[in-house]
Amino acid sequence: MAKPIIVRNLHGQVVQELGRQIVGGEIAPGENLPREELLAERLKVSRTALREAMKVLSAKGLIESRQKTGTRVRDTVHWNQLDADVLAWRCASMPTEDFVEKLVEMRELIEPAAAAAAARRRNDEQLARIEAAYAAMAAATDPDAWSEADLAFHEAVLHATHNELMTSLFSVIEAALGSYFQLSASIAGNFSYSLPHHKKVLDAIRRRQPEVAREAMQKMVADSRSNIRRHAKKT
């Protein structure tokens, strides 16, 4: 489940407002933002707060400012796509077919390897976390509970790799994965249809069978992709 973004200051509110508009397509790439004084008046903030917000959006790769042409939205290729805010804004406009396809492709590259590494390196505590998440999935009575437990399962597998880069990556893409799992559960006739796939991954990790875990995770991700594609064809 995508986590709500907590904003505690005025320029942070401006970052959220403009960021959502840019990532959501209301302000298109190549389009210029209004002049500073007009934009500050429209957003009902001081020019100082607006400038601070612009610095943040520029650091995220969303905008660029030039003396003669003003501030314009950059092409999406320049956006920091793994920035937590950018991901959250993209998830807020989910599901877009293109974004879902790219997220599935990233899962195909990362998660089978993570499952294999977890099978090789997991300790008893990490295995218990995976088992607990699986039990929560089995006990889920609605799609929201299922997707929350599903996210916990995949997080536990990544933690069991003993690879801090894998763990850090999860913290970055957590919001996107949570939205993906919610989408997958909501469009399935039976939201728990993939439970047997998760059981195969769990069993392989428990038995320390890296290649079996890899293959089981590959099948899980592929099945999820097929489920979403079938839904897309119907709509």
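Computed from the coordinates by the stated procedures, all read-outs in this text should not be read as laboratory data. Just so we're clear, the structure is a prediction, and the values are computed from it rather than from any experiment. A quick note on method: Cβ atoms are made from the backbone with ideal geometry, for glycine too, and the neighbour counts reach across all protein chains shown.
Some points to look at:
- Volume per residue that the Cα convex hull of the stretch 5-124 spans, once the total is divided by residue count, Å³: 141 Å³
- Note on Arg47 and Ser226: their simple-model spin labels are 6.1 nm apart, each label 7 Å out from Cα toward Cβ.
- Tilt relative to the chain, helix 124-139 - C-alpha long axis, 0 to 90 degrees, to 10: 80 degrees
- Aspartates and glutamates whose Cα lies under 17 Å from that of Lys219, excluding same-chain neighbours fewer than 8 positions away: Glu101, Glu105, Glu108, Glu111, Asp150, Asp203, Glu211
- Two-decimal Rg/Rh across the stretch 106-230, once Rg and the Kirkwood Rh are taken from alpha-carbon atoms: 0.93
- Measuring nothing but how far apart in sequence close Cα pairs (under 8 Å, 6+ apart) lie, relative to its length, the stretch 95-234 scores a relative contact order of 36 percent.
- In this simple spin-label model, placing a label point 7 Å from the Cα along the Cα-to-Cβ direction at both Leu195 and Ser58 gives a separation of 5.4 nm.
- Toward the positive end of the charge dipole of the chain, with +1 on the Cβ of Lys and Arg and -1 on the Cβ of Asp and Glu, the farthest Cα among Ala149, Ala115, Val86 is that of Val86.
- Residues whose placed amide H lies under 5 Å from that of Thr71, excluding near-sequence neighbours: Leu33, Arg66
- Overall shape of the stretch 159-235 was characterised from the C-alpha gyration tensor. The equivalent ellipsoid obtained from it has semi-axes of 24, 17, 10 Å, in decreasing order.
- For the stretch 10-78, dividing the convex hull volume of the Cα atoms by the residue count gives 77 Å³ per residue.
- Cα-centre dipole for the stretch 95-234 with unit charges at Cβ (Lys and Arg positive, Asp and Glu negative), debye to 20: 540 debye
- Total charge dipole magnitude, the stretch 1-158, about the Cα centre, Cβ charges on Lys, Arg, Asp, Glu only, Debye to nearest 20: 920 debye
- FRET efficiency, 1/(1 + (r/R0)^6) with R0 22 Å, evaluated for Asn163 and Glu125 via beta carbons: 0.85
- Dipole magnitude of the stretch 10-78, debye to nearest 20 (Cβ charges: Lys/Arg +1, Asp/Glu -1, about Cα centre): 160 debye
- Convex hull volume per residue, computed on the Cα atoms of the chain, equals 134 Å³.
- Both radii were evaluated on the Cα set of the stretch 77-118; the Rg over Rh quotient, with Rh as the Kirkwood radius, amounts to 1.06.
- Here's the picture: charge each Lys and Arg Cβ at +1 and each Asp and Glu Cβ at -1 in the stretch 10-78, and of Pro29, Val77, Met54 the one pushed furthest to the positive end of that dipole is Met54.
- Given R0 = 41 Å, the distance between the Cβ atoms of Arg207 and Leu38 translates into a calculated FRET efficiency of 0.05.
- The mean sequence separation of alpha-carbon pairs under 8 Å and at least six residues apart, normalised by the residue count of the chain, gives a relative contact order of 22 percent.
- 222 nm mean residue ellipticity, helices alone, for the chain (DSSP H n ≥ 4; -39,500 (n - 2.57); rounded to 500): -23000 deg cm²/dmol
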